[in-house]
Structures are given as structure tokens and as C-alpha cells.
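Report on one structure; see the data block that follows.
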Amino acid sequence: METYLNTGIKQIIDQFPEVGGILDAHGIGCAPCSVGTCLLKDIIEIHHLGEDEEKVIMAKIAAVLFPDKPIQVPAMKRKISTEPEKISYSPAIKKLMDEHVLIKRYLNLIPAILKNLDIESKEGRQLILDGVDFIRSYADKYHHAKEEDILFKYFDADHGIIKAMLEEHKQARNHVKAVLDALEHRDLDTIARRLTAYRDLLSAHIRKEDEILYPWMDKNLSIKQVGELFSRFHEADREIGYSPEKYQALVERFEEKLNPKEV
Ligand SMILES: [Fe+2]
Ligand SMILES: [Fe+2]
């Protein structure tokens, strides 16, 4: 069992698809994750499962991995308490979650942007270019950079979930680059496909950060580290040289113009 605990979850699910179903039934969506670098033991730790739930899941997984012999699964050592509690976020993490809110508002606009999009017109092309500016300047340079250059540095770079988040940032950048290339070639289908893929990827990514990664990180950060993070985040904002209000205004303008509720 020890070997499996230290094996990447994707590899286990490929070999034993039933494991994906077991995790899914407990609200752990590893099967559809595009990266899957987390180890089985990481999954248990970062999803802040209670000890009873952990026992149930591990027993079910052990029965799939070793159908011929009953296996006793030892409870995993935790750095953090598993007592059920209401999640409360530190001010530093709360700041990143607030940034997610504006990014989600832009993601919500994407179907309306693509509906009746005319890339032959200057106005249609500008709609895409403004969106790409939002993604690159706000979602990536303003937000993802704080995660990559500051927050993630407080954790082990080899941890599966950190690697998965970095990989998803990279995939998001690839989608955006493809959107711009397609715009140059007036290729509407590729723009629609890549922008929709960006939306799906980032929506799931933000959900994982808000619900799994950030609470886990918060519990592992000391009060001193949280304070340090908060001031480093503000320092990064000052150094970036532009104000996030510009992007807030851009999203508001899009919302007024496109009325995403109607799509
Ligand atoms: Fe992220
Ligand atoms: Fe994020």
C-alpha cells in the first residue's frame, strides 16, 4: 500500500479506473483533472478529510488495489487538524480570492463574447484583444504571478498540487497565445474553441484553489508568514505599475454591453 500512497493519482486511476469513481463519490474530482500529478497520500492530506472519511475511502481503494487480500491501511500522519470546522481565510489568502471574483466575472462573459462574434469587424477584434489584455495583465501578471512568485514559494515545489497548479497556468497561457494567433488568421472556430477551453480550465482551477489549495495552505502558514505574505502581495501590486481598477472597469463595461445573463 505504501508504494501506492507515493504514486501519482493519474497513474493509479489509469490502472484502476474504479479508484476515480471512489474519489468522485466523496467529492474529490481527480478523474477529470487534466494534470494529475498529486500523489495518493497528497489527495488525502489536502482535501482536509475527517479521519473517519479517510478510513472509509482508503479501505475502498485498498479493496480495489488488492482484491485478493484484506489490507489494513494505517491512518496517515497529519500536520493539521482534521476536526470539522468552518473554513476561514487569512487576509492574504482572502486578497487572492477577491481577485478570483473579477476573473470569474470575465469568464462568465466569454459565451456572450463569442455569441455573434464578428472578427471581420474592428469592433469584434477589439473585443477579443481587450479580453486578452485582461487575461494577460490581470489574471496572469497581476494574479498568477503573486501565486507563482510569492505564495507557492512557501511550499514544497515538488508537491503534486503545486505542480498541477503551475501546469494549469501554463495551459492557460497556451490557450491565450492560440487565441491571438487565430485572431491574426481570422480563424473564428479556433478562437471560440480556445477561449471556451480557457474558460473551462480557469473555472475549475479557481474552484480548486478556493476550496482545496488555499484552505490547505492557510492551515500550514504561521501567523508571521501570513503577515509577510500580505505585505509582499501589496508590494507586488505597487511594483506592477498599473492599477487593477482599469480591469475592474473593463469587466463592468463588458457586462453592460454584452448582458451575459441573456446568453
Ligand atoms: Fe492559480
Ligand atoms: Fe488563483
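Every read-out reported here was derived from the displayed coordinates using simple, explicitly stated rules and does not represent laboratory data. Note that the structure is a prediction, hence the values are computed from the model and not measured. Note that each Cβ is placed from the backbone with ideal geometry, even for glycine, and that neighbours are counted across all protein chains shown.
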Checklist entry - So between K141 and D237, what do we pick up on full extension, going 0.36 nm a residue minus the alpha carbon distance? => result 33.6 nm
Checklist outcome for this item: Diffing the range 7-19: the Karplus 3J(HN,Hα) column from phi (6.51, -1.76, 1.60, θ = phi - 60°), in whole Hz with x for Gly and Pro, holds 9, x, 4, 4, 4, 5, 5, 4, 7, 10, x, 4, 4
Item to check | Neighbour-count ranking [beta-carbon atoms within 10 angstrom, fewest first] of S88, S137 | outcome: S88, S137
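Ratio of Rg to Rh for the chain, alpha carbon only, Kirkwood? Let's see the in-between values first.
On the way: Rg = 20.8 Å, Rh = 20.4 Å.
With Rh from the inverse mean 1/r over Cα pairs, Rg/Rh is 1.02.
Two-decimal Rg/Rh of the range 2-65 from alpha-carbon positions, Kirkwood Rh? List each step's numbers first, then the result.
Numbers: Rg = 10.4 Å, Rh = 11.5 Å.
Taking Rg over the Kirkwood Rh, I get 0.90.
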Checklist entry - So if R0 is 22 Å, what FRET efficiency would K261 and D200 give, r being the distance between their Cβ atoms, rounded to the nearest 0.05? => result 0.65
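Ratio to report: Rg/Rh of the range 115-259, with Cα atoms as the point set and Rh obtained by the Kirkwood method; give two decimals. Can you show the working numbers first?
On the way: Rg = 17.2 Å, Rh = 16.9 Å.
That ratio equals 1.02.
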Item to check | Label point distance in nm, F66-E228, each placed 7 Å from Cα along Cα→Cβ | outcome: 4.1 nm
Item to check | Cβ-based charge dipole, the range 2-65, positive-most Cα from I61, C33, I43 | outcome: C33
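Expected output is a single nm value to one decimal: the length gained when fully extending between F155 and R105, i.e. 0.36 nm times separation in residues minus the C-alpha distance. What is it?
Details: separation 50, 0.36 × 50 = 18.00 nm, distance 2.91 nm.
So the chain would gain 15.1 nm between F155 and R105.
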Item to check | Theoretical FRET efficiency, 1/(1+(r/R0)^6), r = Cβ-Cβ of Q11 and H185, R0 41 Å, to 0.05 | outcome: 0.60
